[in-house]
Amino acid sequence: MPITVTPTAIPDVLVIEPKVFGDDRGWFFESFNEKDFSIVVGEKVAFVQDNHSSSKKGVLRGLHYQIEQTQGKLVRVCHGTVFDVAVDLRKSFLTFGKWVGVELSAENKKQLWVPPGFAHGFLVLSETAEFLYKTTDYWHAASEKCIVWNDPTLNIQWPEIGMQPLLNPKDANGVSFLGAQYFL
């Protein structure tokens with residue numbers, strides 16, 4: 001398998017590092033292979049939508065999730081650097097309420113698998129960043145939820161904590177973790 005997989009402190013959230021083939025002309029890597037990915041996560045996963053966003057330094061997006069049409073996400077950065085966070089909202093799991101954060105960049109080419117049942121967000125650390133993610137279900141505005149980025153119960157240790165992130169109104173007005181809807 002041309003990838004390295006590392007479980008995080010929440011074993012269902014995986015850091016996936018592709019094998020990069022390079023020479024003096026440049027580099028190549030396989031960013032997704034359905035067969036290998038299914039082996040890594042232990043089930044066949046179907047992606048239905050690809051998203052691509054661009055943000056400037058200090059933008060924080062999240063912590064988003066959908067209570068219906070729950071999405072798993074395979075995320076990566078193709079330009080710049082972000083701090084990516086997944087929060088377990090699955091009440092019946094021992095890792096409920098825990099979070100993991102991973103630096104993803106164009107340089108390290110790491111990807112993060114965020115399974116269904118998690119809130120997800122990221123903070124842009126570079127001057128700009130382009131963020132790509134594959135989702136297992138379609139965006140469903142009516143069931144989209146947001147937990148506020150600086151929730152004291154979660155106590156996420158965002159890098160550059162002294163700065164005030166750039167937020168859209170939805171993210172600035174997210175609910176507390178204790179007031180959020182969860183998954184079973």
All but one of (1) out of contact with any Gly (no Cβ under 9 Å at 6 or more places or on another chain); (2) part of a loop (DSSP other than H, G, I, E, B); (3) of a type outside the set (Phe, Trp, Tyr); (4) within 22 Å of Phe177 (Cβ to Cβ) hold for Pro116; which doesn't? (1)
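Looking only at region 1-26, which residues are in a loop (DSSP other than H, G, I, E, B), within 30 Å of Phe96 (Cβ to Cβ) and of a type in the set (Asp, Glu)?
Answer for region 1-26, where residues must be in a loop (DSSP other than H, G, I, E, B), within 30 Å of Phe96 (Cβ to Cβ) and of a type in the set (Asp, Glu): just Asp12.
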Do we find that Pro159 is farther than 26 Å from Gly42 by Cβ and part of a loop (DSSP other than H, G, I, E, B) in this structure? yes
Here is a list: Glu17, Glu30. Which entry is under 30 Å from Asp171 (Cβ atoms), at pLDDT below 95 and acidic (Asp, Glu)? Glu17
If I ask for residues that are assigned to a loop (DSSP other than H, G, I, E, B) and buried (at least 19 other Cβ atoms within 10 Å of the Cβ), which ones from region 96-113 would you list? Lys110
Residue count, region 11-37, condition touching a strand residue (DSSP E or B) at 6+ places or on another chain (Cβ under 9 Å) and among the small types (Gly, Ala, Ser), comes to 2
Within the bounds of region 84-93, is there any residue that is free of Cβ contacts under 8 Å to residues at least 40 places away in the same chain, within 18 Å of the chain's Cα centre (by Cα) and part of a strand (DSSP E or B)? yes
Result of the Cβ filter at 6 Å on region 53-82, keeping first residues that are touching a residue at least 60 places away in the same chain (Cβ under 8 Å) and under 24 Å from Pro169 (Cβ atoms) and partners that are in a strand (DSSP E or B) and among the aromatic types (Phe, Trp, Tyr), at least 6 apart or interchain, is Ser53/Phe131; Arg61/Phe122; Lys73/Tyr133
Filter result (part of a loop (DSSP other than H, G, I, E, B) and surrounded by 11 or more Cβ atoms within 10 Å (Cβ to Cβ)) within region 167-178: Leu167, Asn168, Gly174, Ser176, Phe177, Leu178
Looking only at region 27-54, count every residue that is in a loop (DSSP other than H, G, I, E, B) and either charged (D, E, K, R) or closer than 27 Å to Tyr138 by Cβ (or both) and tell me the total. 11
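The values are calculated or read from the model by the stated rules, or taken from the named source; none is laboratory data. Just so you know, these numbers come straight off a predicted model, no measurement behind them. Glycine also receives a Cβ, built like all others from the backbone with ideal geometry; neighbour counts cover every protein chain displayed.
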